[in-house]
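The values are calculated or read from the model by the stated rules, or taken from the named source; none is laboratory data. Small disclaimer: the values here were computed from a predicted structure and weren't measured. FYI the Cβ positions are ideal-geometry reconstructions off the backbone, even for glycines, and counts take in every protein chain you see.
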């Protein structure tokens, strides 16, 4: 909508018109979900490496960085694809402005991915030398086994801000009150512990029962606390008209009500009871089922959290 024109400069002054519909869609949901897996497996996996012997956590030394590397590259790929001008991404590295959370986050995620690459090569080729025809990389991987241990603390240090910085970016959208909740920082961290422990449980077949039980306890704790926070955020903590209008999309009868409660039941409520029985009976088929359900539910919970604030016009 044109407000007026300036004849001397031929400049056009226009009024801001809110974009209709959802701008950040499934790509950003997948972005956040993959990031939670990529950072979570490192935080949870590092804890297991420090606590247990190699025999109890067979293959974790290479499995952890490989899973993280794949998930982080999915995260970075869909971040890039969602940009309207993806080639401008290079400016973050060649002309960085470190006052921007996006710039700082991109640098941290890139460095983190680089560390995971080195750790994956050391762990994978050191364990399975027959994967390649030459012994050069294998020899290098074995000789740098200590480098893996030196890089691990830096990986943990970077995993925490990488998983949290999305909440900081969302908080900069001042007109989206649901994204302003202080609880979102906690939700990002809990999502990482959920995704990390659930993913590792899916690969834990050859691990000791004690490790599986410990992972199950991490998962059930993260799921329970996250569910309580969701209930608080979505039903009890907001009083403003903008927040109430946003949350109407998930209340009974709202357009996102079905997806929200599907996420809560499949990803949070059901896994709590399944994990409780699985831990008590040491039934690891039940535990892995709950882990898979938690990953599915987490995706849809993030999808609802991302989309419903965009349904409210900014005008």
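With the structure loaded, tell me whether residue 252 is closer than 30 Å to residue 63 by Cα and surrounded by fewer than 21 Cβ atoms within 10 Å (Cβ to Cβ) or whether it fails that test.
Here the answer is no, as residue 252 does not meet what is asked.
Among the residues of segment 78-98, are any closer than 29 Å to residue 186 by Cα, in contact with a helix residue (DSSP H, G or I) (Cβ under 8 Å, 6 or more places away or on another chain), at pLDDT 90 or above and crowded, with 20+ Cβ neighbours inside 10 Å?
No, segment 78-98 contains no residue that is closer than 29 Å to residue 186 by Cα, in contact with a helix residue (DSSP H, G or I) (Cβ under 8 Å, 6 or more places away or on another chain), at pLDDT 90 or above and crowded, with 20+ Cβ neighbours inside 10 Å.
Specify which of the listed residues (290, 294, 222, 243) is in a helix (DSSP H, G or I) and without any contact (Cβ under 8 Å) to a residue 40 or more places away in the chain.
222
Quick check on residue 215: is it crowded, with 22+ Cβ neighbours inside 10 Å, within 15 Å of the chain's Cα centre (by Cα) and either modelled with pLDDT of 80 or more or in a helix (DSSP H, G or I) (or both)?
no
As an exercise: evaluate residue 207 against (1) within 29 Å of residue 53 (Cβ to Cβ); (2) part of a helix (DSSP H, G or I); (3) more than 22 Å from the chain's Cα centre (by Cα) and give the number of the one condition it does not meet.
Evaluating residue 207 over (1) within 29 Å of residue 53 (Cβ to Cβ); (2) part of a helix (DSSP H, G or I); (3) more than 22 Å from the chain's Cα centre (by Cα) leaves (2) as the failure.
Mind listing whichever residues of segment 225-239 are free of Cβ contacts under 8 Å to residues at least 24 places away in the same chain and in a helix (DSSP H, G or I)?
Scanning segment 225-239 gives 228, 231, 235.
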